[in-house]
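K.L.:
Could you have a look at this structure, given as structure tokens, before my questions?
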Amino acid sequence: SVVSVSVTKIILDTTGAERLLGRGDMLYVAPEVGSPQRLQGCFVSSREIERMVRYWKGLRSAEASAAVVTPPTPEAEPLAQTPLFPGSIQAEIEQANANGEDDLLQRAIDVVRVQRKASISLLQRQLRIGYTRAARLIDQMEEKGIVGPATQDSRWREVLLEFDP
């Protein structure tokens, strides 16, 4: 738990931690949500940790003294993953992934077409994705000549293609 609201504001840039009860009571901030969620974690005291360490060390020494070695069993054959989509769609997805294209690229292009502007934060909001993936989509659109390069003075990228209204 935290002592005061001001300490909470300094650490988390929001309030709420001052109401935590301790002993596993915590706040979790998921990247997609942005606001803290109250959770109950597992509280393990130092004494309990020491007891567990002693227990596992005791098991380890008992196994070492038995000196029984069992060879690993070889697998019969490697497992094959069944496709998630029917034939042609699966092949198209695999081809796009093999080319390094993101499966959200077409949706990102549609967002840029509708908004007539492009930015990483726009894609993050519209597609509900993280920064890294949105940045990768912007890079792919730049490689395809859909958007222009980043500029020093603007957070928006110029849309180079003319889209039909």
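K.L.:
Out of everything in region 113-165 that is out of contact with any helix residue (DSSP H, G or I) (no Cβ under 7 Å at 6 or more places or on another chain) and of a type in the set (Ser, Thr, Tyr), what residue ends up being farthest from residue 30 (Cα to Cα)?
P.N.:
Top of the filtered list is 151.
K.L.:
So which of 129, 138 is of a type in the set (Val, Ile, Thr), under 13 Å from residue 106 (Cα atoms) and buried (at least 16 other Cβ atoms within 10 Å of the Cβ)?
P.N.:
138
Throughout, read-outs are computed from the coordinates displayed, never taken from laboratory work. Since the structure is predicted, the reported quantities are computational estimates derived from the model, not experimental observations. Heads up, the Cβs are rebuilt from the backbone with ideal geometry, glycines too, and the neighbour counts pull from every protein chain shown.
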